[in-house]
Amino acid sequence: MNPSPAPAPEEGRTHWRRSLAVALPALLAAGSLTAAMTGGALALDLRIQDRPVDFTTSSLYGTQYGAAVVDQAVVRPDGTTGTLRVLRMGFADGVVNGLCLSQRQQIAGVTYTLLLTLGDTDPGTWEIRTRNTVLDLRSATGELDMDGIVDLNVNGADVKTVKDATGAYVPNPLDSPQHRFGIQARYAKFDTITGTAQDMQIPGLLTTPRLSVTVKPGTVACPRPPAPTGTPGTP
């Protein structure tokens, strides 16, 4: 009598576990994320470059806001290079009310999504703090409120955001060509933002009470951000 055949392995579950284990280092390598604990909060040096990243936030409030139209170098899906016109925004200091980042990547022909969730779920707190933030926006929807002295259509190369060690403003911190459209404001507040950034850099400092990193098969979007309640504190 022939022995009974062995049950077929659960290929689907085993395959996904194995693939996720392989995909995680590759996905994390798509951006740069270094972290350390400081005063009970997580301090990050966050840089996501070369690939677009989708993001949502309940609110972002920053001081010394500047923006300029620039040409960002990109690598197309077929491997060729080119440039993409984006709106580069910068803040000297900021507070963020919850932040979700979603980035897709192909690993061995399979699509995975890296999800980074920062902060808490309370729409009444601006619990994430940033310094020297730069975003290259491809698209965004939400509400924008600027205050203080607001200048529109200034020369992008003349926009000022951050200062050097001597207290002087860094010239052309957004690396804008001459005679490009620019915006300058003392304060800017963005609410219920859903957008796509070609590049995101917070090399100064980002502190958050919580960070979650997950990798999921397929295309997974960040949840729609809730409207903020209350007002932000001082960055």
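The values are calculated or read from the model by the stated rules, or taken from the named source; none is laboratory data. Keep in mind that this is a model prediction, so the values were computed, not measured. Cβ coordinates were reconstructed from backbone atoms using ideal geometry, including for glycine residues, and neighbour counts include every protein chain displayed. Each accessible area value is taken on the protein alone, full model and side chains, heavy atoms only, with ligands, DNA and RNA left out. Shrake-Rupley method; radii C 1.70, N 1.55, O 1.52, S 1.80 Å.
Viscosity 1.567 mPa s, temperature 4 °C: Stokes-Einstein D of the range 146-193 from its Kirkwood Cα radius, in µm² per second?
It comes out at roughly 110 µm²/s.
Whose amide H sits under 5 Å from the amide H of Arg210, counting only residues 5 or more places off or on another chain, with H placed in the peptide plane?
Residues meeting the criterion, in which the H sits 1.01 Å from N, are Leu42, Gly119.
Would you calculate the volume per residue, in Å³, of the smallest convex hull containing every Cα atom of the range 59-215? Walk me through the intermediate numbers first.
Values: hull volume 20.4 nm³, N = 157.
Looking at the range 59-215, the number lands at 130 Å³ per residue.
Going highest first, how would you order 116-123, 144-151, 219-226 by mean Cβ packing within 10 Å? If you can, show how the numbers build up before the last one.
On the way: 116-123: 17.9, 144-151: 12.5, 219-226: 15.0.
In decreasing order of mean packing, 116-123, 144-151, 219-226 become 116-123, 219-226, 144-151.
Equivalent ellipsoid semi-axes for the range 177-227, as square roots of 5 times the alpha carbon gyration tensor eigenvalues: give them largest first, rounded to whole Å. All intermediate terms of the calculation are to be shown ahead of the outcome.
Details: eigenvalues 152, 53, 47 Å².
Semi-axes from the Cα gyration tensor: 28, 16, 15 Å.
Tabulate in residue order the Karplus-calculated ³J(HN,Hα) for the range 52-61, using 6.51 cos²θ - 1.76 cosθ + 1.60 with θ = phi - 60°, rounded to whole Hz; enter x for Gly and Pro.
Couplings: x, 10, 7, 8, 9, 8, 5, 6, 9, 10 Hz.
For the range 133-139, in order, what is each residue's ³J(HN,Hα) by Karplus, 6.51 cos²θ - 1.76 cosθ + 1.60 with θ = phi - 60°, in whole Hz (x at glycine and Pro)?
Result, ordered by residue: 8, 9, 10, 9, 7, 8, 7 Hz.
Would you please put 173-185, 127-139 in order of how densely packed they are, using the mean number of other Cβ atoms within 10 angstrom per residue and starting with the highest? Before the final figure, lay out the partial values.
Numbers: 173-185: 17.8, 127-139: 20.5.
Highest-to-lowest ranking by the protection proxy: 127-139, 173-185.
Sorted by packing (mean other beta-carbon atoms within 10 Å per residue), highest first, where do 67-73, 156-162 land? Present the calculation step by step, with values, prior to reporting the outcome.
Details: 67-73: 18.7, 156-162: 20.3.
Ranked from most to least packed, the peptides come out as 156-162, 67-73.
Tell me the label-point distance for the pair Leu42, Leu205, using the 7 Å Cα-to-Cβ offset, in nm and rounded to one decimal.
The answer from the label model is 1.8 nm.
Can you work out ³J(HN,Hα) from phi for every residue in the range 69-81, in order, using Karplus 6.51 cos²θ - 1.76 cosθ + 1.60 and θ = phi - 60°, giving whole Hz and x for Gly and Pro?
So the J values, rounded to whole Hz, are 7, 9, 9, 9, 5, 9, 10, 6, x, 7, x, 6, 10.
At a 1.4 Å probe, what is the % contribution of carbon and sulfur to the accessible area of the range 91-226?
51
Using the Kirkwood formula over every pair of different C-alpha atoms, what hydrodynamic radius in Å results for the range 57-127?
Numbers: mean 1/r = 0.0661 Å⁻¹.
With all distinct Cα pairs of the range 57-127 included, I get 15.1 Å.
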